[in-house]
Amino acid sequence: MKKYLLFALALSFIFAGCSRNDRLFKKGVAYAKAGKTEAALNAYNKILKDDPDYLSALINRAILLEKLGDTSRAEADYRRAAELNPYHPNVLTNLGSFYLNQNNPLDALSNFNVALEIDPNNFLALVNRAAAYQSLGYNQRALEDLEAALVLAPDNQLAIVNKAILDYNMFHYDDAIEGYTHALYNDPKNAQNFYRRGKAFQYSGRYGNALADFNMAVNLKPSYIPALYARAQLQFKSGDYQSALADLNKIKTIDNKYVPAYEFTGDIMAIEDPVTATSNYMVAKRLDPENYRRYNAKIALMRTDAGRRKVITRAVDDI
């Protein structure tokens, strides 16, 4: 299953005041909340032209610039804010969050470390440091940070789901199932979390529970390709080839370039209809030329009964 990293958003500082710039800042915040990004930027630009050290305007302008993809100017604003207040944990967390979103976990980590030295109970810094650790492969440290974050906020959905994802990636399937169950209690119509819990059930050998979760995911989101594909795998494994093929055909109508649907269709059809199987492998090869050797090997195996049995046996074993 795809490795997921969920990053918390940078903080938005909203300071009350009665000066002209304070009033303009409040307008900028209101514009940003209403989705009027250009108007918000204009407000922050006016403030910072008059007062280059207005910290909250720097932070909020950086957030908007980052969302617009202007990363150079966003970084300059984040760094300027950190220079103005180098010991404020939220300022450091903002800068770390920026680096994390720019796939620079080492610089992110250094900022989160300082923020947590100043404020060990900074929830956002803990969650984001966990993501930085995970991206660097330090899964146990990431797990410790998420557990600490959940002590501070036991029902926080971000931390719950991040820990469940990490537990899954560490093969702690029972813990992942528990986490996703908690998340689904808070958000019972989340198709993605039903799918994720289904994968944890699948890899822990509880296929009935997994199939039930994939069914729920598809019911909530009928075009959800990962859940349709996972359901097709389990249907195939249980011997329900027709249902599996129906899900694969549905995937092809949703995305006719989804390579696994063609390859898996070929695997299922290998015994009954090697000609159709071959045509599906040919489509997969055309869409995914980097792996042409694998598809050519399967096409070659379609020539004999033993080869076709080998393909379908491997397909079952791979689920």
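Candidates 63, 59: the one that is assigned to a helix (DSSP H, G or I), among the hydrophobic types (A, V, I, L, M, F, W, C) and either open to solvent by less than 20 Å² (accessible area, probe 1.4 Å) or farther than 28 Å from residue 35 by Cβ (or both) is 59. Cβ-Cβ under 8 Å, sequence separation 6+ or interchain: first residue in the range 277-295 and over 17 Å from residue 314 (Cα atoms), partner not in a helix (DSSP H, G or I). Which pairs? From the range 277-295, the pairs are 287/257. Kindly check whether there is at least one residue in the range 300-314 that is in contact with a Phe, Trp or Tyr (Cβ under 8 Å, 6 or more places away or on another chain) and open to solvent by 30 Å² or more (accessible area, probe 1.4 Å). No: the range 300-314 contains no residue that is in contact with a Phe, Trp or Tyr (Cβ under 8 Å, 6 or more places away or on another chain) and open to solvent by 30 Å² or more (accessible area, probe 1.4 Å).
Scan the range 241-273 residue by residue and report those that are open to solvent by 30 Å² or more (accessible area, probe 1.4 Å) and among the charged types (D, E, K, R). Let's see the steps before the verdict.
Within the range 241-273, the subset open to solvent by 30 Å² or more (accessible area, probe 1.4 Å) is 241-243, 246, 249-250, 252-258, 260, 269, 271-273.
Matches in the range 241-273: 250, 252, 255, 257, 272, 273.
Of all the numbered requirements in (1) within 25 Å of residue 103 (Cβ to Cβ); (2) surrounded by fewer than 20 Cβ atoms within 10 Å (Cβ to Cβ); (3) hydrophobic (A, V, I, L, M, F, W, C), residue 160 misses one, and that requirement is (2). Among the residues making up the range 75-94, those that are crowded, with 24+ Cβ neighbours inside 10 Å, of a type outside the set (A, V, I, L, M) and closer than 26 Å to residue 134 by Cα are 78, 93, 94. Taken together, 263, 272 contain a single residue that is under 34 Å from the mean Cα position of the chain (by Cα) and not basic (Lys, Arg), which is 263.
Can you list the helices (runs of 4 or more DSSP H) found entirely within the range 128-189 that contain at least 1 residues being of a type in the set (D, E, K, R) and within 26 Å of residue 107 (Cα to Cα)?
On the way: elements: 139-152, 157-169, 173-186.
So the answer is 139-152, 157-169.
Answer with yes or no whether residue 7 is open to solvent by 80 Å² or more (accessible area, probe 1.4 Å) and at pLDDT below 90. Here the answer is no, as residue 7 does not meet what is asked. Out of the residues in the range 97-120 meeting the condition of being of a type in the set (Gly, Ala, Ser) and out of contact with any Ser or Thr (no Cβ under 6 Å at 6 or more places or on another chain), tell me which one is modelled with the lowest pLDDT. That would be 97. Quick check on my filter: what residues within the range 274-299 are of a type in the set (D, E, K, R), open to solvent by 40 Å² or more (accessible area, probe 1.4 Å) and more than 19 Å from residue 252 (Cα to Cα)? Residues satisfying the conditions are 290, 293, 294.
Would you call residue 193 polar (S, T, N, Q), under 24 Å from residue 235 (Cβ atoms) and buried (at least 23 other Cβ atoms within 10 Å of the Cβ)? Spell out the reasoning first.
Numbers: polar (S, T, N, Q): yes; under 24 Å from residue 235 (Cβ atoms): yes; buried (at least 23 other Cβ atoms within 10 Å of the Cβ): yes.
Judged against the criteria, residue 193 is a match.
Taken over the range 66-94, the residue count meeting the criterion of being outside any helix (DSSP H, G or I) and within 28 Å of the chain's Cα centre (by Cα) is 3. Does any residue of the range 199-207 turn out to be open to solvent by 40 Å² or more (accessible area, probe 1.4 Å), within 25 Å of residue 271 (Cβ to Cβ) and either at pLDDT 95 or above or assigned to a helix (DSSP H, G or I) (or both)? Yes; the residues of the range 199-207 include at least one that is open to solvent by 40 Å² or more (accessible area, probe 1.4 Å), within 25 Å of residue 271 (Cβ to Cβ) and either at pLDDT 95 or above or assigned to a helix (DSSP H, G or I) (or both).
Of the residues 110, 72, 97, 135, only one is of a type in the set (Ser, Thr, Tyr) and open to solvent by less than 10 Å² (accessible area, probe 1.4 Å); which? Spell out the reasoning first.
Numbers: 110 fails: open to solvent by less than 10 Å² (accessible area, probe 1.4 Å); 72 fails: open to solvent by less than 10 Å² (accessible area, probe 1.4 Å); 135 fails: open to solvent by less than 10 Å² (accessible area, probe 1.4 Å).
After ruling out the rest, the residue left standing is 97.
The values are calculated or read from the model by the stated rules, or taken from the named source; none is laboratory data. What you see is a predicted model; the values in this text were computed from it and never measured. Here Cβ is always computed from backbone atoms with ideal geometry, including for glycine, and neighbour counts include all displayed protein chains. Side chains included, ligands, DNA and RNA excluded: accessible areas come from the protein's heavy atoms. Shrake-Rupley method; radii C 1.70, N 1.55, O 1.52, S 1.80 Å.
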